[in-house]
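The values are calculated or read from the model by the stated rules, or taken from the named source; none is laboratory data. Computed from a predicted structure; not experimentally measured. Ideal geometry is used to build each Cβ from the backbone, glycine not excepted, and the neighbour counts take in all protein chains shown. Quick note on the areas: whole protein, heavy atoms, side chains included, nothing else; ligands and nucleic acids left out. Shrake-Rupley method; radii C 1.70, N 1.55, O 1.52, S 1.80 Å.
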Amino acid sequence: MAAPRDAEDERGRRSIKDKAKISLRKYDVGNKFSHLPLAKASVLMPLMVKDGKLHVLFTVRSMKLRRSPGEVCFPGGKSEPTDRDEIATALREAKEEVGLYPEQVEVICRLVPGIDKVGSLVTPVVGFIEDTFQAVPNPDEVSDVFLVLLEYFIDPLKYMTLPYKRADGVASWLHSFVYDDPERKTSLRIWGLTAHFAVFLALVIFEKKPTFNIQYDLDNLISSSENSFMEQYMSLYKGGSSKL
């Protein structure tokens, strides 16, 4: 009796994945921004279909790390000379941090990059993984791994904006989410560039207005997101940042 239900569940998972892939591929930037003269880094945004809904995987940085210990992020890190491109960087880092092998990831696209607080160009790579994946965190880099419903990043229970001043002196703000993890019975803050990427991923896939303000024109999300990034890049570059 279970076989028809299993087949139905599998069809449902494929439908959800296929719809998401179609949306994501429209926003694939490829190597469009790879030429920018910045230090390079990549993150992997691992998506999975679980219980009929899209989830995204996050890590918690080890307290042993000097930079941003204990913060929530995606698997990722700096580019190495042996990395072929941003995708290779993201896959290598995911394997090192959580034991996710490249052959376990169906890479879909690269989305519009961001610039982190040390001036690196960070490219988000989106890929699907199976819901059977069991993370094996590297304790030197990762203290925990958890999943969040992707929809949380357009309809959150706990959300606020954090003010900050850009390198060019312009006042701006950052997304900040608090996620109450029912399995761990703990609250996790997802903010900054990690939250920025998660919000954009949700906007691309769900194509609907979130319950909070965003800086994009949803009717022209592709051009709006690329223009927003280039404006940030140019403002930092013209501002004379040593990292640019």
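Things worth noting here:
- The share of accessible area on segment 1-109 that comes from carbon and sulfur is 51 percent, using a 1.4 angstrom probe.
- Cut-off under 5 Å, modelled amide H: who pairs with Asp116 long-range: Val122
- Spin-label pair Arg184-Gln215: with each label point 7 Å from Cα along the Cα-Cβ axis, the two points sit 2.8 nm from one another.
- Rounded to the nearest 10 degrees, the inclination of helix 221-238 to the longest alpha-carbon principal axis of the chain is 30 degrees.
- Note on exposure: Met230, Met48, Met160 ranked by accessible area (1.4 Å probe, complete protein assembly) read Met160, Met230, Met48, with the most exposed listed first.
- Close amide H contacts of Lys50 (hydrogens built in the peptide plane, cut-off under 5 Å, sequence separation of 5 or more or a different chain): His55.
- Geometric extent, Cα atoms of segment 109-244 - Rg, Dmax (angstrom): 16.2, 47
- The translational diffusion coefficient of segment 42-95, from Stokes-Einstein at 25 °C and 0.890 mPa s with a Kirkwood hydrodynamic radius over alpha carbon pairs, comes to 199 µm²/s.
- The phi torsions of segment 172-188, fed into the Karplus equation with coefficients 6.51, -1.76 and 1.60 and a -60° offset, translate into couplings of 9, 8, 10, 6, 9, 10, 10, 10, 8, 7, x, 6, 8, 6, 9, 9, 10 Hz, rounded to whole numbers, with Gly and Pro shown as x.
- Compactness of segment 9-75 is given as radius of gyration and Dmax, 16.3, 46 Å, from Cα positions.
- Formal net charge of residues neighbouring Pro210 (Cβ-Cβ distance under 13 Å; K, R +1; D, E -1): -1
- A 1.4 Å probe over all protein chains sorts Ile214, Ile190 by accessible area into Ile214, Ile190, starting with the largest.
- When the alpha carbon gyration tensor of the chain is reduced to an equivalent ellipsoid, the three semi-axes, largest first, read 28, 21, 19 Å.
- Degrees between helix 192-206 axis and first principal axis of the chain (Cα, 0 to 90, nearest 10): 50 degrees
- Computed over the Cα atoms of segment 2-147, pair by distinct pair, the Kirkwood hydrodynamic radius stands at 16.1 angstrom.
- Net charge dipole size for segment 70-195 [Lys, Arg +1 and Asp, Glu -1 on Cβ; Debye, nearest 20]: 600 debye
- Helix 2-26 and the longest principal axis of the Cα set of the chain meet at an angle near 20°.
- Taking 0.36 nm per residue of sequence separation and removing the Cα-Cα distance, the Ala39/Arg14 pair yields an extension gain of 5.3 nm.
- Förster radius 45 Å - calculated FRET efficiency between Ser235 and Val136 (Cβ-Cβ, nearest 0.05): 0.65
- Inter-part distance, segment 222-238 to segment 102-160, computed on C-alpha centroids, equals 23 Å.
- The residues packed around Glu96, meaning those with a beta-carbon under 13 Å from its beta-carbon, carry a net charge of -3 if Lys and Arg are +1 and Asp and Glu are -1.
- Long pairs among Lys50/Lys158; Lys95/Lys209; Lys26/Lys165; Lys26/Lys64; Lys95/Lys158; Lys40/Lys64, criterion Cα-Cα beyond 29 Å: Lys95/Lys209; Lys26/Lys165; Lys26/Lys64; Lys95/Lys158
- Each other residue within a Cβ distance under 12 Å of Ile22 adds +1 if Lys or Arg and -1 if Asp or Glu, for a net charge of +2.
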